[in-house]
Amino acid sequence: MELLHLRYFVAVAQELNFSTAARKLHMAASPLSRRIKDLENELGHRLFDRDTHHVRLTPAGSALLPIARGVLEQVDSIQWRLDETARPRRTTLLLGVPSGIHPDLRARMDALAERVGDRFEIKRWPGGTERLVDAVCDGRLALTLARLPVGGDPALEQLPVMSERLGAVVPRDRFAGRESIALAELSGLAYAGSPTAVTNAYFRGLDQQLAELGVKKRIEIGSATFDGVSEIVSSGLAFSISMLDPRSPVQNHRLDNVAVLPFSDFHPRLETGLLWRKDRAHGGDLEEVVAAAREIFAEPLHT
């Protein structure tokens, strides 16, 4: 018995019409009928009752149909089962992501995940820069995006991936109609730094720089969120500094009485990098992923 005999039998059993089954099998009805007779002779059972108007399965044909279908399904699944077995298993990797990542940077993360998707499943893990970098150092995360600068750990490598222009977050009613602002004009307001959860070396350095430029008053916001900072600015108590690009997700936290204006005499930028451990990239388990990342993030983004 050949597999083709079973395929012919199943086709006729489904159609209960030799001519229709033959067309679907791309053959003539006469040789199809002969193949079915050959199968009946080999099995020693009549499989169909045939007359000039009807074709019906015999009891033996009804019993054979689920068996034949099962055999054909097993044979037809050989290729994909073999491919699945031979395909390398996907490894899950965690990629750290700090708050407020620009959508263009997210698009590149998606491109990286797609590039290495046959072997790795990249999942994102949120957090503040310093905790994310610590997690890369101890192996809990494979890679992380981080707000630069970070500590100069010799075990880490970093790749600059984005530079974002920052602006002054101010009460809109106090600076209505303005297209830019000078730092000296903010002397009457306190500076509200970033929320504690996202404060890092960059924002601490920015705070010091502002103090050296004459901005002395501070508002301690403790555990406040971006919404909390926006609330303080909206009330007219303070100003803050944040991403200037309107597409930045941080802009989603703005209230009605809040505006973000470029500085006319101060040009802060927020740099973001991608970090990983050297030993995992050079001959290690991340070699392929890091190589793909170097290509995808080769040209840093700018806003």
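About its Cα centre, the dipole of segment 39-117 is roughly 360 debye, where the only charges are +1 on Lys and Arg Cβ and -1 on Asp and Glu Cβ.
Rounded to the nearest percent, how much of the accessible area of segment 258-303 (1.4 Å probe, protein heavy atoms only) is carbon and sulfur? Can you show the working numbers first?
On the way: 1050 of 2090 Å².
It is 50 percent, rounded to a whole number.
When the accessible area of segment 19-99 is computed with all protein chains present and a 1.4 Å probe, what percentage of it is carbon and sulfur? Numbers along the way, then the final one.
Working: 2980 of 5560 Å².
Of the solvent-accessible surface of segment 19-99, carbon and sulfur hold 54 percent.
For segment 218-301, what is one quarter of the convex hull surface built on the Cα atoms, given in nm²?
Numbers: hull surface 34.3 nm².
The orientation-averaged projected area of the Cα hull of segment 218-301 comes to 8.6 nm².
Look at the alpha carbon pairs under 8 Å that are at least 6 residues apart: their mean separation over the length of segment 66-156 gives a relative contact order of 33 percent.
The residue among I101, L112, L72 whose Cα reaches farthest toward the positive pole of the charge dipole of the chain, with charges on the beta-carbon of Lys, Arg, Asp and Glu, is L72. Taking the DSSP beta bridges in segment 165-287 as the whole, what percent of them are antiparallel, to the nearest 5? Of the beta bridges lying entirely in segment 165-287, close to 65 percent run antiparallel. As a length-normalised measure over Cα pairs under 8 Å and 6 or more apart, the relative contact order of segment 215-303 settles at 20 percent. Rg of the Cα atoms in segment 1-123, relative to 2.2 N^0.38 Å, amounts to 1.86.
For K24, the lysines whose Cα comes closer than 26 Å to its Cα, not counting residues fewer than 8 places off in the same chain, are K37. From largest to smallest, the equivalent ellipsoid semi-axes obtained for segment 69-148 from the alpha-carbon gyration tensor read 38, 14, 9 Å. For the options L82, L255, L64, a Gaussian network treatment of the chain with springs between C-alpha atoms closer than 10 Å singles out L64 as fluctuating the most.
Give the shape of segment 259-303 as rounded, prolate or oblate, defined through the alpha-carbon gyration tensor: a ≥ b ≥ c are the square roots of its eigenvalues, a/c under 1.5 means rounded, and otherwise the shape is prolate if a/b is larger than b/c and oblate if not. Let's see the in-between values first.
On the way: a/c = 4.64, a/b = 3.15, b/c = 1.47.
Prolate is the answer for segment 259-303, as a/c is 1.5 or above and a/b outweighs b/c.
For the residues L47, L141, L244, a GNM of the chain with alpha-carbon springs under 10 Å puts the largest fluctuation on L47. In this structure the amide hydrogen of F48, modeled in the peptide plane, comes within under 5 Å of the amide hydrogens of T58, none closer than 5 places in sequence on its chain. Computed with a 1.4 Å probe over protein heavy atoms only, the accessible surface of the chain comes to 54 Å² per residue.
Taking N as the number of residues in segment 42-85, what is its Cα Rg relative to 2.2 N^0.38 Å? Please report the intermediate quantities before stating the final value.
Working: Rg = 15.4 Å, N = 44, 2.2 N^0.38 = 9.3 Å.
In units of the globular-protein estimate, segment 42-85 measures up at 1.66.
Dipole check for segment 257-303: with +1 at the C-beta of Lys and Arg, -1 at the C-beta of Asp and Glu, and the Cα centre as origin, the magnitude is about 140 Debye.
Can you bin the chain into rounded, prolate or oblate? Criterion: square roots of the alpha carbon gyration tensor eigenvalues sorted a ≥ b ≥ c, rounded for a/c under 1.5, prolate for a/b above b/c, oblate for the rest. Mind dumping the intermediate values first?
Values: a/c = 4.78, a/b = 2.97, b/c = 1.61.
It comes out prolate by the Cα gyration axes.
In segment 68-212, what percentage of the DSSP-assigned beta bridges are antiparallel, given to the nearest 5? In segment 68-212, DSSP labels about 0 percent of beta bridges as antiparallel. Based on DSSP H segments of at least four residues, each scored -39500 (n - 2.57), the chain has a per-residue ellipticity at 222 nm of -12000 deg cm²/dmol.
With all distinct Cα pairs included, what does the Kirkwood hydrodynamic radius of segment 165-296 come out to in Å, to one decimal, could you say?
Details: mean 1/r = 0.0613 Å⁻¹.
Computed over segment 165-296, the radius equals 16.3 Å.
The values are calculated or read from the model by the stated rules, or taken from the named source; none is laboratory data. It should be emphasised that the depicted structure is a prediction, and the values quoted were computed from it without experimental measurement. Glycine also receives a Cβ, built like all others from the backbone with ideal geometry; neighbour counts cover every protein chain displayed. Ligands, DNA and RNA are excluded from the accessible area calculation, which covers all protein heavy atoms including side chains. Shrake-Rupley method; radii C 1.70, N 1.55, O 1.52, S 1.80 Å.
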